[in-house]
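Working notes, beginning with the structure itself.
The values are calculated or read from the model by the stated rules, or taken from the named source; none is laboratory data. In this text the structure is predicted, and so the values were computed from the model without any measurement. A quick note on method: Cβ atoms are made from the backbone with ideal geometry, for glycine too, and the neighbour counts reach across all protein chains shown. Quick note on the areas: whole protein, heavy atoms, side chains included, nothing else; ligands and nucleic acids left out. Shrake-Rupley method; radii C 1.70, N 1.55, O 1.52, S 1.80 Å.
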Amino acid sequence: MVEVRTPSAAVGIERAVRRPRVMGVVNVTPDSFSDGGRFAGLEAACGHALALLDAGADILDIGGESTRPGAAPVSEAEELDRVAPVIEAVRAARPDAVVSIDTMKPAVARAAVAAGAAIWNDVNGLRADGALETAAALGVEVVVTHMVGEPRTMQDDPRYGDVVAEVIAFLRDRCRATEAAGVAADSIIADPGVGFGKTLAHNLALMAALGRIRDETGKRVLLGASRKRFIAGVDAGATDPGRRLGGSLAAALWGAQAGVDMVRVHDVAETAQALKVWAAIAEAGDD
Ligand code: HH2
């Protein structure tokens with residue numbers, strides 16, 4: 001969360017409101033679901049990353065392997081070739097930029113941190129061999145996400161008895177294991193994993209329970225809902241991910257109201273503006 005100070009016209013003083021940090025997505029991939037191939041080369045990816053910082057991103061989430069449903073895995077070498085030069089170039093251009101590496105592979109996380117990343121975002125919840133030990137050794141913030149199975153199969157008929165309770169139990173378990181491996185408790189961020197092995201009803205139930213997820217895991221929460229398929233489940237016209245801005249903003253504002261720490265988004269300028277307006281309204285009503 002970031003403290004926002006906006007002048008309050010009503011009382012002539014500044015008040016502080018906490019808004020989520022905006023994590024801008026940089027997919028250095030040919031096949032990501034919403035922007036696959038657009039930023040695949042070094043120059044395009046770096047230019048996109050710098051533009052996201054200028055648009056108001058607090059963090060850049062750089063990834064070299066698509067996790068869209070049905071995506072094929074990428075080799076470690078290929079993934080490293082994609083992301084490491086981008087991280088180095090971004091950090092050379094903007095030494096203060098906060099970079100997150102979006103990877104399921106410990107070796108990629110290690111190389112990314114050596115190149116300047118400060119957060120390991122693992123949609124696999126640090127379940128790969130050596131992941132917990134690597135996270136502890138790196139000493140960076142980690143995002144632990146709930147996912148059923150792996151990207152290739154996760155949308156094959158996902159079922160839960162009580163999706164919210166099961167996702168919370170999974171996150172608590174992974175957070176405990178992460179702490180037991182030596183990661184500082186306050187360096188762990190929990191993510192319910194919207195779209196990772198969930199139907200429309202599961203996704204909506206989890207987003208409705210963000211406050212409960214935060215309270216029952218005892219962790220800060222990341223919400224990654226931007227341009228995802230659930231939006232087309234609610235608005236049948238939004239089959240093209242590029243036409244899901246309204247739904248993405250609604251989810252980000254919902255997350256802000258629920259007190260999430262971070263929103264992972266593609267449309268950074270629009271989200272940053274929406275959150276500024278949200279914070280200004282929240283601040284005006286806060287006596
Ligand atoms: N979603 C995606 C990728 N990484 N990380 C976290 N922590 N939470 C998420 O919800 C999340 C994530 C999928 O989005 P995108 O990166 O745009 O697509 P792709 O995986 O196809 O590259």
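Residues in the range 171-208 that are part of a loop (DSSP other than H, G, I, E, B), open to solvent by 10 Å² or more (accessible area, probe 1.4 Å) and within 27 Å of Ser34 (Cβ to Cβ): 3 in all.
Go through the residues of the range 166-189 one by one and say whether even a single one is of a type in the set (A, V, I, L, M) and in contact (Cβ under 8 Å) with a residue 60 or more places away in the chain.
Keep residues of the range 166-189 that are of a type in the set (A, V, I, L, M), which gives 167-169, 171, 177, 180-181, 183-185, 188-189.
With in contact (Cβ under 8 Å) with a residue 60 or more places away in the chain added as a condition, the list becomes 189.
Checked against the condition, which is being of a type in the set (A, V, I, L, M) and in contact (Cβ under 8 Å) with a residue 60 or more places away in the chain, the range 166-189 yields at least one hit.
Checking each residue in the range 93-149 for being of a type outside the set (Val, Ile, Thr), out of contact with any Ser or Thr (no Cβ under 9 Å at 6 or more places or on another chain) and within 12 Å of the ligand (Cβ to nearest atom) picks out Ser100, His146.
What number of residues in the range 134-174 are charged (D, E, K, R) and either under 15 Å from Ala118 (Cα atoms) or in contact with a strand residue (DSSP E or B) (Cβ under 9 Å, 6 or more places away or on another chain) (or both)? Walk me through it before giving the result.
We begin by selecting, within the range 134-174, every residue charged (D, E, K, R); these are 141, 150, 152, 156-157, 159, 162, 166, 172-174.
Pick out the ones that are also either under 15 Å from Ala118 (Cα atoms) or in contact with a strand residue (DSSP E or B) (Cβ under 9 Å, 6 or more places away or on another chain) (or both) and you get 141, 172, 174.
Number of matching residues: 3.
Residue check: Val260 meets all listed conditions (1) assigned to a loop (DSSP other than H, G, I, E, B); (2) buried (at least 23 other Cβ atoms within 10 Å of the Cβ); (3) over 15 Å from the mean Cα position of the chain (by Cα); (4) aliphatic (A, V, I, L, M) but one, namely (3). So if I check each of Ala128, Ala44, which one is over 30 Å from Thr239 (Cα atoms) and either touching a residue at least 60 places away in the same chain (Cβ under 8 Å) or among the small types (Gly, Ala, Ser) (or both)? Criteria check complete, one pass: Ala128.
Please go through the range 186-214 and give me each residue that is on the phi > 0 side of the Ramachandran plot and near the ligand (Cβ under 10 Å from one of its atoms), ordered by number. Outline the logic, then answer.
The first filter runs over the range 186-214 and keeps only residues on the phi > 0 side of the Ramachandran plot, leaving 193, 195, 197.
Once the filter is applied, which keeps residues that are on the phi > 0 side of the Ramachandran plot and near the ligand (Cβ under 10 Å from one of its atoms), the range 186-214 yields Gly193, Gly195.
Which of the residues belonging to the range 96-123 are closer than 22 Å to Arg68 by Cβ and open to solvent by 30 Å² or more (accessible area, probe 1.4 Å)? Met104, Lys105, listed by residue number. In the range 215-242, the residue that is least open to solvent (accessible area, probe 1.4 Å) out of those that are away from the ligand (no atom under 15 Å from the Cβ) and part of a helix (DSSP H, G or I) is Gly233. The condition (being closer than 22 Å to Ile213 by Cβ, of a type in the set (A, V, I, L, M, F, W, C), free of Cβ contacts under 8 Å to residues at least 60 places away in the same chain and touching a Phe, Trp or Tyr at 6+ places or on another chain (Cβ under 8 Å)) is satisfied by just one residue among Ala135, Ala112: Ala135.
Among the residues of the range 70-92, none is identified as surrounded by 20 or more Cβ atoms within 10 Å (Cβ to Cβ), in a loop (DSSP other than H, G, I, E, B) and away from the ligand (no atom under 11 Å from the Cβ).
For the range 151-164, what are the residues that are part of a loop (DSSP other than H, G, I, E, B) and either of a type in the set (Val, Ile, Thr) or free of Cβ contacts under 8 Å to residues at least 40 places away in the same chain (or both)? Break it down stepwise before answering.
First, the residues of the range 151-164 that are part of a loop (DSSP other than H, G, I, E, B): 151-162.
Scanning the range 151-164 gives Thr153, Asp156, Asp157, Arg159, Gly161, Asp162.
State yes or no: is Ala40 part of a loop (DSSP other than H, G, I, E, B), out of contact with any His (no Cβ under 6 Å at 6 or more places or on another chain), at pLDDT below 80 and within 23 Å of Glu79 (Cα to Cα)? The answer is yes for Ala40. When the range 20-69 is limited to residues that are within 10 Å of the ligand (Cβ to nearest atom) and of a type in the set (Gly, Ala, Ser), the one that is surrounded by the fewest Cβ atoms within 10 Å (Cβ to Cβ) turns out to be Gly36. When you look at Val11, is it at pLDDT below 90, in a loop (DSSP other than H, G, I, E, B) and either open to solvent by 50 Å² or more (accessible area, probe 1.4 Å) or aliphatic (A, V, I, L, M) (or both), yes or no? Yes: the conditions hold for Val11.
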